[in-house]
Amino acid sequence: VELAESGGGLVQAGGSLRLSCTMSVRPAEAYAMAWFRRAPGKERESVASINWNGDRVYYKESVKARFTISRDNAKNSVFLQMSSLKPEDTAVYYCAAAGSFTRIVGGDVDYWGQGTQVTVSS
């Protein structure tokens, strides 16, 4: 199983980025998906999660109203639209998959991507 992230980069504070993750696992509907991040010197943390059909989502408090997670099962893809970015959002962002929404919100992940760097300059 492979999860491949793209869309990271360097952006100024207040800017936007859209991360994408394409997964090889089939069917996509069998998995809840999520985005985690690890900032320099910090533990990896959950940013946003989405259940198999998108009608349940979870966000870390500090990204609510700024980040939006979505998925397209026909394309085996999950996305993270990030707006109003702050320097503290700088981290490596990881795509993740798990067999249930409850598990992935709790950090119990079955598959990880390799990560994509997001750097927000002040």
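Could you report the stretch 3-118's accessible area per residue, 1.4 Å probe, as an integer in Å²?
48
Is there a quick way to get the dipole size of the stretch 39-104? I mean about its Cα centre, with the Cβ of Lys and Arg at +1 and of Asp and Glu at -1; what is the value in debye to the nearest 20?
80
Give me the log10 of I(q) over I(0) for the stretch 59-120 at q = 0.18, 0.20, 0.21 Å⁻¹, as the Debye formula computes it from C-alpha points; what are the numbers?
Those come out to -0.78, -0.96, -1.05, one per q.
Within the stretch 81-96, name every residue whose backbone N is under 12 Å away from a label modeled 7 Å from Cα of Ala39 along the Cβ vector.
86-92
How big is the dipole moment of the stretch 1-77 about its Cα centre under a simple scheme where the beta carbon of each Lys and Arg is +1, that of each Asp and Glu is -1, and everything else is neutral? Debye, nearest 20, please.
Dipole magnitude for the stretch 1-77 comes out near 180 debye.
Output wanted: per-residue J couplings in Hz (rounded whole) for the stretch 104-115, from phi through Karplus 6.51 cos²θ - 1.76 cosθ + 1.60, θ = phi - 60°, x for Gly and Pro.
Whole-Hz 3J(HN,Hα) from phi for the stretch 104-115: 6, 4, x, x, 8, 9, 8, 9, 10, x, 7, x.
Charges on Cβ only, +1 for Lys and Arg, -1 for Asp and Glu, centred on the Cα centroid of the stretch 45-98; of Asn53, Ser84, Ala96, which one is farthest towards the dipole's positive end?
Most positive-ward Cα: Asn53.
Applying the Karplus parametrisation 6.51 cos²θ - 1.76 cosθ + 1.60 with θ = phi - 60° to the phi angles of the stretch 37-51, what ³J(HN,Hα) value in whole Hz is obtained for each residue in order, glycine and proline being reported as x?
So the Karplus estimates, Gly and Pro as x, are 8, 10, 7, x, x, 10, 6, 5, 9, 6, 9, 7, 9, 9, 7 Hz.
For the chain, with all protein chains present and a 1.4 Å probe, just round the carbon and sulfur fraction of the accessible area to a whole percent.
47
Please report the spacing between the Cα centers of the stretch 1-72 and the stretch 85-122 in Å, no decimals.
6
Take a quick pass over the chain and tell me how many lysine pairs come in under 25 angstrom between Cα atoms, counting only ones 8 or more apart or on separate chains.
5
What is the magnitude of the charge dipole of the stretch 1-44 about its Cα centre, with +1 placed on the Cβ of each Lys and Arg, -1 on the Cβ of each Asp and Glu, and no other charges, expressed in debye to the nearest 20?
180
Pop the C-beta distance of Asn53 and Gln12 into the FRET formula with R0 = 35 Å and round what comes out to the nearest 0.05.
The formula returns an efficiency of 0.50 here.
The values are calculated or read from the model by the stated rules, or taken from the named source; none is laboratory data. Remember, predicted model here, so these are calculated numbers, not experimental data. Glycine gets a Cβ as well: all are built from the backbone with ideal geometry, and neighbour counts include every protein chain shown. Just the protein is used for accessible areas: all its heavy atoms, side chains included, with ligands, DNA and RNA removed. Shrake-Rupley method; radii C 1.70, N 1.55, O 1.52, S 1.80 Å.
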